[in-house]
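**Student:** Below: one structure in structure tokens.
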Amino acid sequence: MVPHSSVVVEDFEKMPFEDFAEKAYLNYSMYVILDRALPHIGDGLKPVQRRIVYAMSQLGLSAAAKYKKSARTVGDVLGKFHPHGDTACYEAMVLLAQPFSCRYPLLDGQGNWGAQDDPKSFAAMRYTESRLSRYAELLLTELNLGATQWTPNFDGTLKEPKLLPARLPNLLLNGSTGIAVGMATDIPPHNLVEIANGCIHLLDHPDADIEAIMEFIKGPDYPTSAEIITPKKEIKDIYKTGSGRIKMRAKYHVEDGDIVVTALPHHASGEKIIEQIAAQMEAKRLPMVVDLRDESDHEDPTRVVIVPKSGRVDITALMDHLFATTDLERSYRVNMNMIGTNGKPEVKNLLATLKEWIAFRVDTVTKRLEHRMGQVTERLHILDGLLTAFLNIDEVIDIIRNNDDPKSEMILRFGLSDLQADAILEIRLRHLAKLEEIKIKAEHDELDKERISIEKTLASKSLLNALIKKEIRQDIKTHGDERRSPIKERKESEAFSQEDVITVEPVTIILSKNGWVRSAKGHDFDPEKVKFKSGDSLLEAAKTMSNRQTIFLDSTGRSYSIASHTFPSVRGMGEPLSGRLVLKPDASINCMVTGEERDLILLASDIGFGFVTEISNLFARGKNGKAVINLTVNTAGNLPAENTAADLKAISTGDAALMPPVYISSAETDLVIAITTAGRCIIFPVSELPRIEKGKGNKIIGIPARELAAPDGERLKILRVMPFNSSIEIHAGKHSLKLNPSNQKSYQSKRGYRGKRLPRGYQNVTWINIHVEGAPLIQQA
């Protein structure tokens, strides 16, 4: 218990939680952005990558050294420079060594470092071995030449470089990806020769625009020979803004009729692509493909074989579909976000990136030359002292032999500096020979020339640029290679529609009275032989093609369309349409319509109204269908004036029924024949009916309202379309009446008239025959 007189000293700071959270989050954000996720424009590396490369150089793991266990490198990196998890450090190391991930690998790995199909399948660090690659020399050659700024490591016991003195813009050569807090980076890799030549051109022409630079830098260059299909205009826009998307497509050729894929987009997995194609084959979306093989091995790292069904398969169309639906074509985001020389993250375009790196390189070379200038000046100063000693060798020997403080005496006698005096006193006796004096003079002359050359270079911007260009050209000869990802102009890929991939064949669609549907191959199938569930029977059979839509019309006048090839086989009992369609309560499927989209049909109701429309107008996208023909009995506006109000009210109490659709061969010459239940018959040209998409239509035959309102009122019974000059054979029970073109005139009138009553005994028509040029076409009511 604290006495009242004692003073409690608080060892913590009080601050509002909001301020603390904001400060902590900002500190964390800046740490992630600057020290973890984003690369620096100078050497193109993130801190962990830079520390891996530097630690390996300190371990002596040059390109000519023996491989060492990766665990040794990871241990040094973690223990000396990067106090984070070993797994994350090793994964960063793996990415620097994978030739399919890194355009110019910084590490040369031995062992299992992963595969293109599965980049994360690499072995543990205790199994793999590594050393630096030759390309890493571009980052390390000038490390100890005075151009590097050093900073203490995390515990202050060692020094590490803030940046590596890159001789080429590694950020553009290898690219980078990373996710920071509130920002990310996706910089694509490029070809060394193109980038280097672009830098040389920019050194010669500082005011060059992006068009001039793109004469050298054609576009990104990924570590794969797959094609870049992004148009040049879009690539230019990406380079102008620093953001956009690059699209890559697999490379293939035809070999003995088979499609052989030999190169995949960057980081695309052949195993995954095979799974994607196999899934489409299983779903019957690729009937033109019969086999799929992965023949990849060590000699051919990528070899996926797609076997078409026959030589008639359109290879180009098939591959376009696969490009659109699988990882054979991929797009990559470009977001050139980096840490600039000012230490701030920023999205930069290509021109700004190159100019800023060139400024970094000029500064690096200037510091290197200034450092070398200091070394040369110091060495010349020492050589001047040594030459003075050789000119007065006897006196120098005497001073050294007889004086207690020969250093002070020589400084006083010959005007030497402390550095010169120390150098003279450190000369061994064997170096006093005449030959050694000649060597010193030769070294002095050579260093003096170098000093003059460095002074001229530092004093002249053109000479400094010439030196940088010379070094870049040397690096092109040493590390340059050809472009791996060709840039091609290709048309946009397009997936097959469902109709494109099905086998086109004749089918017969069978519909039962209870609304069950199924499909039989061919048009010669006899639907009467089909078995149905108990209490069900055949309603209708329609002939069509498997690539067409089958249209269903319900009792409310709505239409529904379903692809014909999707119906189950006739071998089973089929499936209920209620499972595929959403019907209104008490609605039922009445009939089917099939045919070409431009074919014409006549739709009518049994109260005598109808219209002509194209089959395409009956297509419906959703399960709910769409309203096509109005079957509501509300004909007040179309009835004769003598109808009473009571008649109209009686008519409007119910719904009309849909007549079976009638196909039209010629809208200009065909005739309509309509017969009612009262034996009224009318014949008129189809052209008198309106051609509309939907609605009620116009009056076909006039039926008085009082007749429609009666309990067993008059209705339209038979509706047919016949070619001009056809004969009609009307059947009423056992009796038949033949109407030739000549005696049809008494029944011909304008559309909408009452029509003429058929002779007594023939008014209860059961069905009719229509004879066309001696070939009867029987159409039953």
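The values are calculated or read from the model by the stated rules, or taken from the named source; none is laboratory data. What you are looking at is a predicted structure, and each value in this text was computed from that prediction instead of being measured. Here Cβ is always computed from backbone atoms with ideal geometry, including for glycine, and neighbour counts include all displayed protein chains. What goes into the accessible areas is simple: the full protein's heavy atoms, side chains included, and nothing from ligands, DNA or RNA. Shrake-Rupley method; radii C 1.70, N 1.55, O 1.52, S 1.80 Å.
**Student:** Which whole-number percent is the relative contact order of the range 163-311 (Cα, under 8 Å, 6+ apart)? Please report the intermediate quantities before stating the final value.
**Tutor:** Details: 194 pairs, mean separation 21.9, N = 149.
Normalised by residue count, the contact order of the range 163-311 is 15 percent.
**Student:** Additional query: Please turn the phi angles of the range 746-753 into ³J(HN,Hα) values with the Karplus equation 6.51 cos²θ - 1.76 cosθ + 1.60 (θ = phi - 60°), one per residue in order, whole Hz, x for glycine and proline.
**Tutor:** For the range 746-753, the Karplus-derived couplings read 5, 9, 7, 7, 6, 4, x, 6 Hz, x marking Gly and Pro.
**Student:** For Met545, enumerate residues with amide H under 5 Å from its amide H, sequence gap 5+ or separate chain, H modeled in the peptide plane.
**Tutor:** Here the answer is Val507, since their amide H atoms fall under 5 Å of that of Met545.
**Student:** In addition: If you plug each phi of the range 541-557 into the Karplus form 6.51 cos²θ - 1.76 cosθ + 1.60 with θ = phi - 60°, what whole-Hz ³J(HN,Hα) values come out, in order, with x for Gly and Pro?
**Tutor:** Running phi through 6.51 cos²θ - 1.76 cosθ + 1.60 with θ = phi - 60° gives 10, 10, 9, 7, 10, 5, 8, 10, 8, 9, 9, 10, 10, 9, 6, 9, x Hz.
**Student:** According to the Kirkwood expression over distinct Cα-Cα pairs, how big is the hydrodynamic radius of the range 420-469, in Å? Spell out each step's value before the answer.
**Tutor:** Working: mean 1/r = 0.0749 Å⁻¹.
Result for the range 420-469, one decimal place: 13.3 Å.
**Student:** Next question. So how exposed is Val362, as accessible area in Å² (1.4 Å probe, rounded to 10)?
**Tutor:** 40
**Student:** While we're on this one: Nearest 500 deg cm²/dmol is fine: what mean residue ellipticity at 222 nm does the chain get from its DSSP H runs of n ≥ 4 alone, each adding -39,500 (n - 2.57), divided by its residue count?
**Tutor:** -9500 deg cm²/dmol
**Student:** Out of the DSSP beta bridges found with both residues in the chain, what percent are antiparallel (nearest 5)? Numbers along the way, then the final one.
**Tutor:** Details: 105 of 111 bridges.
Percentage antiparallel, nearest 5: 95.
**Student:** Additional query: For the range 266-272, just list the computed ³J(HN,Hα) in residue order, Karplus coefficients 6.51, -1.76 and 1.60, θ = phi - 60°, integers in Hz, with x standing in for Gly and Pro.
**Tutor:** 4, 6, 7, 9, x, 5, 5
**Student:** Run the simple label-point estimate for Ala442 and Ser746 please: 7 Å along Cα→C-beta, distance reported in nm.
**Tutor:** Here the modelled spin labels are 13.7 nm apart.
**Student:** Answer rounded, prolate or oblate for the range 665-708, using the Cα gyration tensor with square roots of eigenvalues a ≥ b ≥ c: rounded when a/c is under 1.5, else prolate when a/b is larger than b/c, else oblate.
**Tutor:** Values: a/c = 3.22, a/b = 1.44, b/c = 2.24.
Note, shape of the range 665-708 comes out oblate.
**Student:** At 1.4 Å probe radius, can you tell me the per residue accessible area of the chain in Å²? Spell out each step's value before the answer.
**Tutor:** On the way: 39780 Å² over 781 residues.
With all protein chains present, the chain gives 51 Å² per residue.
**Student:** Compute the length gained on full extension between Lys159 and His431: take 0.36 nm times their separation in residues and subtract their Cα-Cα distance, giving the result in nm to one decimal.
**Tutor:** Working: separation 272, 0.36 × 272 = 97.92 nm, distance 3.74 nm.
That works out to 94.2 nm of additional length.
**Student:** Let me ask you something else. Within the set of other residues whose C-beta is less than 12 Å from the C-beta of Phe532, count the net charge using Lys and Arg as +1 and Asp and Glu as -1. Before the final figure, lay out each step's value.
**Tutor:** Values: positive: Lys513, Arg518, Lys529, Lys531, Lys533; negative: Glu528, Asp536.
My count for the surroundings of Phe532 gives +3.
**Student:** Can you tell me the length gained on complete extension of the stretch Ala317 to Thr766, counting 0.36 nm per residue apart and subtracting the Cα distance?
**Tutor:** Values: separation 449, 0.36 × 449 = 161.64 nm, distance 5.33 nm.
Roughly 156.3 nm would be gained on extension.
**Student:** Once the Cα atoms of helix 47-58 and of the chain are each reduced to a long axis, what angle between those two axes, in degrees from 0 to 90 to the nearest 10, is obtained?
**Tutor:** With rounding to tens, the tilt is 40 degrees.
**Student:** Of Met248, Pro220, Ala208, which is farthest on the positive side of the dipole of the range 198-274, counting Cα position, with +1 on Lys and Arg Cβ, -1 on Asp and Glu Cβ, and the Cα centre as origin?
**Tutor:** Of the candidates, Met248 comes out farthest on the positive side.
**Student:** Can I ask one more? From the square roots a ≥ b ≥ c of the eigenvalues of the alpha-carbon gyration tensor of the range 33-119, which class results: rounded (a/c under 1.5), prolate (a/b over b/c), or oblate? Provide the component values of the computation, followed by the final result.
**Tutor:** Values: a/c = 1.39, a/b = 1.10, b/c = 1.26.
Since a/c stays below 1.5, the shape of the range 33-119 is classed as rounded.
**Student:** If one takes the longest principal axis of the Cα atoms in the chain, at what angle in degrees, from 0 to 90 and to the nearest 10, does the Cα axis of helix 350-391 lie?
**Tutor:** 10
**Student:** Could you point to the label whose value was computed as Cα Rg over 2.2 N^0.38 Å for the structure here, given (i) 1.20; (ii) 0.96; (iii) 1.65?
**Tutor:** Given (i) 1.20; (ii) 0.96; (iii) 1.65, the calculated one carries the label (iii).
**Student:** Determine, from the Cβ-Cβ distance of His298 and Asp394 and an R0 of 56 Å, the FRET efficiency 1/(1 + (r/R0)^6), rounded to the nearest 0.05.
**Tutor:** On the way: r = 74 Å, r/R0 = 1.33.
That gives a FRET efficiency of 0.15.
**Student:** Counting only protein chains, not ligands or nucleic acids, how are Asp554, Asp404 ordered by accessible area (probe 1.4 Å), most first?
**Tutor:** Numbers: Asp554 0, Asp404 160 Å².
Most to least solvent-accessible, the answer reads Asp404, Asp554.
**Student:** To continue, here is another question. Measure off, as a whole percent, the carbon and sulfur share of the 1.4 Å-probe accessible area of the chain, all protein chains present.
**Tutor:** On the chain, the fraction of accessible area on carbon and sulfur atoms equals 50 percent.
**Student:** Note down the relative contact order for the chain as a percent, whole number, built from C-alpha pairs under 8 angstrom at least six residues apart. The partial results should precede the final answer.
**Tutor:** On the way: 1424 pairs, mean separation 65.1, N = 781.
Across the chain, relative contact order equals 8 percent.
**Student:** Heavy atoms only, probe 1.4 angstrom, no DNA, RNA or ligands counted: give me His82, His523 ranked by accessible area, highest first. It would help to have the intermediate numbers written out before the result.
**Tutor:** Working: His82 15, His523 70 Å².
Largest accessible area first, the list is His523, His82.
**Student:** Follow-up. Can you tell me the length gained on complete extension of the stretch His267 to Ala124, counting 0.36 nm per residue apart and subtracting the Cα distance? Don't skip to the end; give the middle numbers.
**Tutor:** Working: separation 143, 0.36 × 143 = 51.48 nm, distance 2.11 nm.
Extra length from His267 to Ala124 when fully extended: 49.4 nm.
**Student:** Out of the trypsin sites (Lys or Arg not before Pro) in the range 35-98, which ones are loop residues according to DSSP with at most 15 other C-beta atoms within 10 Å?
**Tutor:** Working: sites: Arg36, Arg50, Arg51, Lys66, Lys68, Lys69, Arg72, Lys80; in loops: Lys66.
Answer by residue number: Lys66.
**Student:** Going by a ≥ b ≥ c, the root eigenvalues of the Cα gyration tensor, does the range 161-249 fall in the rounded group (a/c under 1.5), the prolate group (a/b larger than b/c) or the oblate group? Don't skip to the answer; put the middle values down first.
**Tutor:** Details: a/c = 1.45, a/b = 1.02, b/c = 1.41.
Rounded is the answer for the range 161-249, as its axis ratio a/c remains below 1.5.
**Student:** Tell me the label-point distance for the pair Lys309, Ala495, using the 7 Å Cα-to-Cβ offset, in nm and rounded to one decimal.
**Tutor:** My value for the distance between the label points is 2.0 nm.
**Student:** Give me the distance in nm between label points sitting 7 Å out from Cα along the Cα-to-Cβ direction at Glu275 and Glu450, one decimal.
**Tutor:** Once both label points are built, they end up 6.0 nm from each other.
**Student:** Give the residues of the range 373-398 whose amide nitrogen is closer than 14 Å to a point set 7 Å from the Cα of Leu419 in the direction of its Cβ.
**Tutor:** Within reach of a label on Leu419: 373-386.
**Student:** Suppose a student asked you for the relative contact order of the range 505-545, using Cα pairs under 8 Å spaced at least 6 residues apart; what percent would you report?
**Tutor:** Answer for the range 505-545 is 53 percent.
**Student:** Give Lys513/Lys623; Lys367/Lys449; Lys68/Lys470; Lys232/Lys491; Lys284/Lys529; Lys717/Lys738 a once-over and call out the pairs whose C-alpha atoms are over 24 Å from each other.
**Tutor:** Details: Lys513/Lys623 20 Å; Lys367/Lys449 19 Å; Lys68/Lys470 35 Å; Lys232/Lys491 13 Å; Lys284/Lys529 29 Å; Lys717/Lys738 18 Å.
Those over the limit are Lys68/Lys470; Lys284/Lys529.
**Student:** Can you give the FRET efficiency to the nearest 0.05 for Lys355 and Glu668, using r as the Cβ-Cβ distance and R₀ = 60 Å?
**Tutor:** Numbers: r = 74 Å, r/R0 = 1.23.
Calculated transfer efficiency: 0.20.
**Student:** Rounded to the nearest 0.05, what FRET efficiency is calculated for Leu380 and Lys344 with R0 set to 30 Å and r the Cβ-Cβ distance? Before the final figure, lay out the partial values.
**Tutor:** Values: r = 42 Å, r/R0 = 1.40.
The formula returns an efficiency of 0.10 here.
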